[in-house]
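The next block holds one structure in the form of structure tokens; read it before the comments.
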Amino acid sequence: MNDEAAARVLLVEDNPQDLELTLRALRRAGLGADVHVARDGVEALDFVLGPGGGSGAAPARRLQLILLDLKLPKCDGLEVISRLKSDPRTRAIPIVVLTSSREASDVARSYQLGANSYVVKPVEYDRFSNAVAQAGLYWLSVNQPPGLE
Amino acid sequence: MKTADNRQATLQLKDALKELGDLKAALDEHAIVAITDPQGKIRYANDKFCAISKYSREELIGRDHRIINSSHHPKEFIRNLWATIGQGKVWHGEIKNRAKDGSFYWVDTTIVPFLDGEGRPRQYVAIRADITERKRAEDEVRNLNAALEQRVVERTAQLESANRELEAFSYTVSHDLRAPLRAIDGFSEAVIEDFGPLLPDEGKRYLRTIRAGAQRMGALVDDLLTFSRLSRQPVQKSQVDMGQLVRDALEELGDAQKNRRIDLRVGDLLPCLGDASLLKLVWINLLSNAVKFTGKREVAIIEIGCSAGRHATHYYVRDNGIGFDMRHAEKLFGVFQRLHRMEDYEGTGVGLAIVDRIVQRHGGRGWAEAVEGQGATFHFTVEGGAAS
């Protein structure tokens, strides 16, 4: 969870309890070591693109998955999707929206902007934990990312 | 001979003049009449003209029509009038005039040019009718319409803003109310998982109760959101295959039917005009109720049918479940109304309220009949029957 360059999963979550529960679920799915956490949209963009939007070289990240809450301080999740999906350097990183909102407009907007998946956080922990684990395992183990040997 | 001819001519002339005089008298009786010379000076004004303009004949004769000009009409309008009659053509229109006392009146006006031998206007005869009252009524209608439109605009704006607030509210509810519930449920589970061995059974049971409470509240929040969305969501109507909807609904309820013996009798269901996704919610709610409340029967019998009406199509779901006391029938469709104890039958009490709201939005109604201990039938109608 600490070696930034080694992080394969970026978890963007502002709610501390949801954060802890999500990390717990990832840990139990055996993915705990690869996670970097950002607490708001700006932090997330800084991590992926480098501080200040990283206009320079492609960010040297091994990111294979971004788990993204929508309602975030500073810069919300939709904005994060829009920025990352319109940048050719980050477009290929899968983004899974992980949110409480089941508003049709949020779902539609997320996909429009290029999100790869949309998961509504269930209240029941078992289902929540399952959803996180499945998303993590799918994108990290099953999915074939581009440009990886 | 000549004298006889002359006398004959004189008599004819007399007759003609008398007829002319009678016609003029008749016209004067009915209309406001004025005659002007080619320069527009008034040469003749009848009594009605004097009466409506409140000028005496002496004041009018020799003046032009500017004396009763109301300044209401644009110059273009007046120019067009003069151009028309100047060419010897009849002009017709409505004119607003100003009387001597400053009051205004409207006249429906026909101006007929009388031409000389060379086709030039020799004089103009203006025949007018008082339409002040009609104009006033028209104005009133116009003002009322404008006021009404203004009110519609204001009300619409109020409604839209209320709607936006409601949307913002349910967004907040859906997002912010569920997060703490997830924490309650999740950390209770974490305690059981991580420290289960350290806890006495009673402690674990408490935690499970906490989880059940949180999960129930989650379900309530979800159902309420669905319910509130129903009033805002537009109804998108198309031809709906109700038989297919029932099959879809039953499939979604698959889990609830596990380990149960259910005798399902689905009749031929007439199609209807409605919103398929909303009507499916109706079936899901009614069928899950039927499955739920027959839970203690050896064999549950659930019958689904319909009948065609002139103006609406009627559908029903009948079960042999525990039924209810008809004294509570009218409470059934209210939000959060439950007729059974939580331990016996779980549920949020929103289902039938959802059914009722959807059915209402389809121009229909929902009702129920039951015999306690023997079963219940839930009915609903959808607008549009054999007559449409």
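For the structure I just gave you, tell me whether A:Ala131 is within 13 Å of chain B (Cβ to nearest Cβ) and among the small types (Gly, Ala, Ser).
Judged against the criteria, A:Ala131 is a match.
Given the conditions (1) touching a strand residue (DSSP E or B) at 6+ places or on another chain (Cβ under 8 Å); (2) loosely packed, with under 14 Cβ neighbours inside 10 Å; (3) closer than 30 Å to B:Arg136 by Cα, report the number of the one that B:Thr84 does not fulfil.
If we test B:Thr84 against (1) touching a strand residue (DSSP E or B) at 6+ places or on another chain (Cβ under 8 Å); (2) loosely packed, with under 14 Cβ neighbours inside 10 Å; (3) closer than 30 Å to B:Arg136 by Cα, just (2) comes out false.
Only residues in region B:16-39 that are without any contact (Cβ under 8 Å) to a residue 24 or more places away in the chain and in a helix (DSSP H, G or I) count as the first member; pair them with residues that are of a type in the set (S, T, N, Q) and surrounded by 15 or more Cβ atoms within 10 Å (Cβ to Cβ), Cβ under 6 angstrom, at least 6 apart or cross-chain, and list the lot.
So the pair list comes out as B:Asp28/B:Asn46.
I'd like to check which strands (runs of 3 or more DSSP E) are fully inside region B:167-281 and have at least 2 residues that are more than 30 Å from the chain's Cα centre (by Cα) and surrounded by fewer than 16 Cβ atoms within 10 Å (Cβ to Cβ).
By residue number, B:262-266.
Within region B:145-165, identify whether any single residue is polar (S, T, N, Q), within 14 Å of chain A (Cβ to nearest Cβ) and in contact (Cβ under 8 Å) with a residue 60 or more places away in the chain, and answer yes or no.
Taking every residue of region B:145-165 in turn, at least one turns out to be polar (S, T, N, Q), within 14 Å of chain A (Cβ to nearest Cβ) and in contact (Cβ under 8 Å) with a residue 60 or more places away in the chain.
Laboratory data are not the source of any read-out in this text; all were calculated from the coordinates shown. None of these values were measured; they are calculated from a predicted model. Quick reminder, even Gly has a Cβ in these numbers, built from the backbone with ideal geometry, and neighbours come from all protein chains shown.
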